[in-house]
Structures are given as C-alpha cells and as structure tokens.
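Report on the structure given below.
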Number of protein chains: 2
Amino acid sequence: LGTVGPVTVVSLPDQDWVDAVGEVPGIDAVPWDLRSEPARPDQIELVVPSYLGPPELLARLAGLPSLRAVQLLTAGYETAQPYLPQGVQLANAAGVHDASTAELAVTLMLASLRGIPDFVRGQERSHWGSRALGPSLADRRVLLVGYGGIGQAVARRLQGFEVAICAVASSPRDGDHLVQRVHGIDELGDLLPDHDVVVLAVPLTDATKGMVDGPFLAAMKHGALLVNVSRGKVVDTDALVRAAAEGRVAAALDVTDPEPLPPGHPLWTTPGVLVSPHVGGATSAFRPRALALLRDQLRAFGAGEPLRNIVT
Amino acid sequence: LGTVGPVTVVSLPDQDWVDAVGEVPGIDAVPWDLRSEPARPDQIELVVPSYLGPPELLARLAGLPSLRAVQLLTAGYETAQPYLPQGVQLANAAGVHDASTAELAVTLMLASLRGIPDFVRGQERSHWGSRALGPSLADRRVLLVGYGGIGQAVARRLQGFEVAICAVASSPRDGDHLVQRVHGIDELGDLLPDHDVVVLAVPLTDATKGMVDGPFLAAMKHGALLVNVSRGKVVDTDALVRAAAEGRVAAALDVTDPEPLPPGHPLWTTPGVLVSPHVGGATSAFRPRALALLRDQLRAFGAGEPLRNIVT
C-alpha cells in the first residue's frame, strides 16, 4: 500500500446518497440520518442533513466535536440556523432547485393563462368547453421580480415564447443575454402597470416580507397574473384575496401564507386562483443537481478549499 | 386626383377586420360574412371567410363570377375544399396558429408532468397535497413527431428547459439550430422506447391516420407521456384508453376522436389523461398573426404576385 493522505469524514443522509455521490478524493463518507447513532461521531467534520427532514433533528449536531460545516440540500436555511453550533459553517443548496422551481413558475403561468384549471374541472363532469379566444402567453409582457438563480432560469425558459421579459432586482445593473437591463426595485411602481404577468422570485427578507400588498396589487394591470414561487409571506394574503375576488388580478401560487393552506381558507375557492402545494423544488430534477453540488463541495472540503454557498 | 391604378376587390369577415387590416395598395376591402348579400358581388376576386364559421357558408362562393382565390384563417382546409369553385385557388393560414398551438403543447406537457390536474382537484376539496418527488420536464427526452411549423415552434419553446429534443418527419433531413438532425419516420420504432415525452404535431393524412396504434403505444417507454395537438384521428382512441388505463402511458390531448368528446366517453375518466377542448389555436395570439398574413397576402394579390400557402 502506498502513502495515504489524511482523510476527512463527512456524513450523508443515507447509504443511497453515499453510493450515488461515489468516490471523492480525500473524503470518507458515512451514512447518517441524524436519528440513529452515527458511525465515528468524533471524526465527522461535515454533515449533510436529509432534504425534507424536520429541522429539529439538527439539534444532534451539538454532539459532534470535530464538526466544521453543514451542507444543506435546501435553498432556504432560516430553520437550520438556530441549531448551528458556534463556529460551524452553513452552506445552502443555491442553484440546485433553480431548474425545477423556474419550470414550475412557467408551468403555473401557462396553465393559468391557457385555462387548464377550467379544463380539469370540465373533465370532472365530462364537459367539452367552448372555443372562445382565451389569452396566450405569446405577446404578453412578463415582469420578473427577483433576478437571482431562479429569476434567470425563468427568463431562460421564456426565451422561445414570443414574450417581452423585464427583470427587477434590489439594485439596478446591466442586463445579460436574456434581458436588456436589470431594473432597480424603486422602478417597480412604474413597471407594474405595463405587465401582464408578474413572477415573484425573491428571497424572503425584511425588505420583501409583505411586499405584494394592496398598493402593489392595485398598481398591476387589470386582469394581470401574479405567479409566486418564492415564499408565501412575500404576499399579503388578505390583500390578494380581495384583489382576486374583485377580478382585478389572477394568481398562481406554489407558496402561501399560511402554509399548508388550511381547509376553508378563501384562497382555495377565490376565482382565478390556482394553488400548488409548495412543489417548486420537489421533483426528479433535484437529485442529479444535488449530487453534482455535493461532489463539488466534498472535493473542495477534502482539499482544504473554501466551500461555495456559505450563508453564515 | 392623380392617376389611379386598377383596384382589386376582396372581402374580409366583417368591418372590424377591414379596419384592422387597414390600407393595402391596390386593394379595396369590403366586409362580408357569407350570410348576407355582399357589396359588389360581381367584382370580388378574393374571399376571406371568418375563422370559426361553419364550412357550409362557403357554398355562397359559387355566386361570385370574378372569384379567383379564397384565403382561410385556419390551417386545416379539408372542410373548405368541397365548396371551392373550379379554377379558384385556396390558401390556408399556415404559420398563423403555430405560436398558440405549440404553446399549448408545452402547457399540456408541463401541466401533466408537474401534476397540475391533481392540484386543481385537490383545490376543489381544500386539500394541500404531499411533497413526494414528482417528475420534472428538466432532464426528460422529448420526441417531436412532425417537424413543420408547429413542431419547430415547440422546439423553440423547449430550448431553455434542460431537455433533449429529437425530431422526426416524413423523410430524414439535416437539422437546424434547434435539433441536430431530423429523423425519418421509419426510425420511429427505434426512437420511441428512448423518450419520456412524445408530441404529435403532424397533419392528418392517409399516412398519419391511426398512426398511434397499439404497437406504437407499446413501443413507448413505460410511463411516458403522449401529447396530441394535431388531429384526434392520428391516435387510435381505443388503443390509447387501454394503454392509459393499464398505466403504460399518460396522455395530454387537445384533440380527440370523436370530437367533441361526448359525456361518458372513457377518455374523460381514464387516470393520467388530461383533455383540453381543441383550443390550440384559439387564443389572443391568433389575431395579430392573422392580420400580418392578410396584409402580406392582399398586397401580393393586389400586385399580381403569387399567394403564399396555396394548398389547392
């Protein structure tokens, strides 16, 4: 046997993940679900918790004396932060969910504009609907509120649809191959009345919480569509229910406030509102992109290089 | 008044269309719905019948002694042909419906894969569904059967979705900027087992009638999705109902055989089947594209140049 370098021990959610990630130089991966006793608890330096596990399990991190980093499989990290031991780095899965979430934004937009909910309800009662001219996505003006990974992934998907795309971010900047310019959020009031579809792809922060309120909705074009794939609390739900009930806006929401939406909540039954149960990232697109991120991150970690996506 | 050249009289479906088309050199457009008496019946040389009018109205064409051409606003022309007087040219609206129809193909594909019908049914009973990992369109292999205007418009729309696209047409040819190669229809048997989504975008001809039969469906990958935006008779409906009922394929259909689908028809209730009521072309995308075609065609007709889209 030749010289063997130092090996870094990391934990992955289960043996399936260990097998799927495969060999990474300098890394010894062990399965750990954060419920049972881990193998080699004294040596684990990085933990990858499972994708949809409850955040309370992260309380177990406190028992790992060698822990230096936690790599999440979610983009959100606010529920993990309180469990993070002092001095331990936290990395999120930024980018991993962009394809799936942006795809759902376009799905909700198309389904809503082209009348799929009506056709599904028609199908339930064997009813072949009429052929009145409905809206197309073609020729619409789409406003992307938020132009990070998900906003850009939405823009890429809209390229072939004969639409005009406009992007807004927290501060103005030059455009890219997808949009001419990225407008600053202070221009939002001027932009809203000109757009047929408004897509929310912002993180939930103090600045975005409740951003879509009564005045925001009143500034939207009459009959325009609001698509939310960010976080429910970006929207003032009561204001949205009022605007939708009056037919001033339509909405297609993958996230709501509260969430899950309880039985009897008015969003379930307001005309022109389509709700999907927070499934933006939860698709077959997740695993291959998560594996690619883990391989990159573990290789860097084993080589003593900095991790990407450090959030705290 | 200066010299006035010869003027060609044409009819458009109503005064709205006359106003919307606007001035065209060499053309005098009159409104005619094919129901009332037209103005100047002896002089009308070209007729544009209304978009969704019954084909029987075309019997009126026989009373126009100067008629030289009919410009349809539909892509299909099989119902108009029997009413065409001897020696009169027929032009269809090829291209006008591509954007809207291709958009619906992508809408049906995304809605079906991402579970929108389940979410709509869940919404009907205030049910927030589970977060199990469903399929994404990302990473899927999409087979376009038919690569004319609509097939190409589907390919353009799929560019940003992280999919592999493969096109099949009646004869093989070089690819374009969207697909590497256009395969010949004789390669279909080899291609079907490799694809997750199969889109039908072929015209209805003797060759395509009943093309999607039991063996075609059996050759598809288990659980693959069939999307039909062409004509219902391209698919053997009984064979599709059997394959879908056994869970071998899913289907999203804008066209069916018979059409409209009568109450009680098994397609309404077969699991994994989504039906829209032949709304591929019937959207707001129609009118601006139809107007652009009419302006081009009338200008050419007035100038004595050949019309595009001549079908007989």
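The values are calculated or read from the model by the stated rules, or taken from the named source; none is laboratory data. Keep in mind that this is a model prediction, so the values were computed, not measured. Neighbour counts are summed over all protein chains in view; Cβ atoms, including those assigned to glycine, are modelled from backbone coordinates with ideal geometry. Side chains are part of the model used for accessible areas, which takes the heavy atoms of the whole protein and leaves out ligands, DNA and RNA. Shrake-Rupley method; radii C 1.70, N 1.55, O 1.52, S 1.80 Å.
Quick one: would you say B:Ala138 is among the aliphatic types (A, V, I, L, M), farther than 20 Å from A:Leu274 by Cβ and more than 7 Å from chain A (Cβ to nearest Cβ)?
In short, no.
From A:Ala153, A:Ala164, which residue is among the small types (Gly, Ala, Ser) and closer than 27 Å to A:Asp257 by Cα?
On the way: A:Ala164 fails: closer than 27 Å to A:Asp257 by Cα.
A:Ala153 is the lone residue from the list that is among the small types (Gly, Ala, Ser) and closer than 27 Å to A:Asp257 by Cα.
Can you pull out every residue in the range A:1-34 that is at pLDDT below 95 and open to solvent by 60 Å² or more (accessible area, probe 1.4 Å)?
We begin by selecting, within the range A:1-34, every residue at pLDDT below 95; these are A:1-7, A:25-26.
Once the filter is applied, which keeps residues that are at pLDDT below 95 and open to solvent by 60 Å² or more (accessible area, probe 1.4 Å), the range A:1-34 yields A:Leu1, A:Gly2, A:Thr3, A:Val4, A:Pro6, A:Val7, A:Pro25.
Find the residue count for the range B:35-54, including only residues that are buried (at least 16 other Cβ atoms within 10 Å of the Cβ), free of Cβ contacts under 8 Å to residues at least 60 places away in the same chain and farther than 30 Å from A:Ser130 by Cβ.
Number satisfying all stated conditions: 3.
Would you check which residues across the range A:73-127 are away from chain B (no Cβ under 12 Å) and under 24 Å from B:Val120 (Cα atoms) and list them?
Those that are away from chain B (no Cβ under 12 Å) and under 24 Å from B:Val120 (Cα atoms): none in the range A:73-127.
Please go through (1) under 30 Å from B:Val275 (Cα atoms); (2) open to solvent by 50 Å² or more (accessible area, probe 1.4 Å); (3) touching a residue at least 24 places away in the same chain (Cβ under 8 Å) for B:Tyr83 and return the number of the only condition it doesn't satisfy.
The failed condition is (1).
Filter the range B:106-155 down to the residues that are more than 20 Å from A:Ala111 (Cβ to Cβ) and basic (Lys, Arg) and list them by number.
B:Arg141
Quick check: anything in the range A:164-177 within 14 Å of chain B (Cβ to nearest Cβ) and within 30 Å of B:Ala252 (Cα to Cα)?
Our first condition is that a residue be within 14 Å of chain B (Cβ to nearest Cβ); within the range A:164-177, this holds for A:164-165, A:176-177.
Filter once more, keeping what is within 30 Å of B:Ala252 (Cα to Cα): A:164-165.
Checked the range A:164-177: at least one residue is within 14 Å of chain B (Cβ to nearest Cβ) and within 30 Å of B:Ala252 (Cα to Cα).
Go through (1) at the interface with chain A (Cβ under 8 Å from one of its Cβ atoms); (2) touching a Gly at 6+ places or on another chain (Cβ under 7 Å); (3) within 23 Å of A:Gln123 (Cβ to Cβ); (4) open to solvent by 70 Å² or more (accessible area, probe 1.4 Å) for B:Gln159 and report which single condition fails.
Every listed condition holds for B:Gln159 apart from (3).
Would you be able to tell me the number of residues in the range B:180-229 that are closer than 18 Å to B:Ala164 by Cα, open to solvent by 50 Å² or more (accessible area, probe 1.4 Å) and free of Cβ contacts under 8 Å to residues at least 24 places away in the same chain?
3
Looking only at the range A:142-157, which residues are assigned to a helix (DSSP H, G or I) and in contact with a helix residue (DSSP H, G or I) (Cβ under 7 Å, 6 or more places away or on another chain)?
A:Gly149, A:Ile150, A:Ala153, A:Val154, A:Arg156, A:Arg157
Which one is most open to solvent (accessible area, probe 1.4 Å) among residues in the range B:254-268 that are in contact (Cβ under 8 Å) with a residue 12 or more places away in the chain and over 23 Å from B:Leu52 (Cβ atoms)?
B:Pro266
Out of all the residues in the range A:286-301, is one or more touching a residue at least 60 places away in the same chain (Cβ under 8 Å), in contact with a Gly (Cβ under 8 Å, 6 or more places away or on another chain) and within 12 Å of chain B (Cβ to nearest Cβ)?
yes
Scan the range B:167-179 for residues that are open to solvent by 30 Å² or more (accessible area, probe 1.4 Å) and within 28 Å of B:Pro135 (Cα to Cα) and report the count.
The qualifying residues number 1.
Look at A:Gly95 and say whether it is closer than 18 Å to A:Leu225 by Cβ and surrounded by fewer than 24 Cβ atoms within 10 Å (Cβ to Cβ). Please lay out each step first, then the result.
Numbers: closer than 18 Å to A:Leu225 by Cβ: no; surrounded by fewer than 24 Cβ atoms within 10 Å (Cβ to Cβ): yes.
No, not satisfied.
Being open to solvent by 50 Å² or more (accessible area, probe 1.4 Å) and over 28 Å from B:Tyr51 (Cα atoms) is the filter here; which residues of the range A:133-156 pass it?
Result: A:Gln152, A:Arg156.
Looking only at the range A:123-132, decide whether some residue is surrounded by fewer than 24 Cβ atoms within 10 Å (Cβ to Cβ) and either under 25 Å from the mean Cα position of the chain (by Cα) or assigned to a helix (DSSP H, G or I) (or both).
Yes, the range A:123-132 contains at least one residue that is surrounded by fewer than 24 Cβ atoms within 10 Å (Cβ to Cβ) and either under 25 Å from the mean Cα position of the chain (by Cα) or assigned to a helix (DSSP H, G or I) (or both).
Take the residues in the range B:269-278 that are open to solvent by 10 Å² or more (accessible area, probe 1.4 Å) and closer than 28 Å to A:Pro135 by Cβ, then tell me which one is nearest to the other protein chains (Cβ to nearest Cβ).
Among residues in the range B:269-278 that are open to solvent by 10 Å² or more (accessible area, probe 1.4 Å) and closer than 28 Å to A:Pro135 by Cβ, the one nearest to the other protein chains (Cβ to nearest Cβ) is B:His278.
Might you let me know whether the range A:230-253 holds any residue that is over 14 Å from the mean Cα position of the chain (by Cα), crowded, with 19+ Cβ neighbours inside 10 Å and hydroxyl-bearing (Ser, Thr, Tyr)?
Yes: one or more hits.
Results for (1) of a type outside the set (Gly, Ala, Ser); (2) more than 27 Å from A:Ala153 (Cβ to Cβ), shown as yes or no for each residue.
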| site | (1), (2) |
| --- | --- |
| A:Pro6 | yes, yes |
| A:Leu12 | yes, no |
| A:Val18 | yes, yes |
| A:Tyr51 | yes, no |
| A:Pro54 | yes, yes |
| A:Ala80 | no, no |
| A:Val88 | yes, yes |
| A:His97 | yes, no |
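Does the range B:55-62 include one or more residues that are buried (at least 21 other Cβ atoms within 10 Å of the Cβ) and not aliphatic (A, V, I, L, M)?
no
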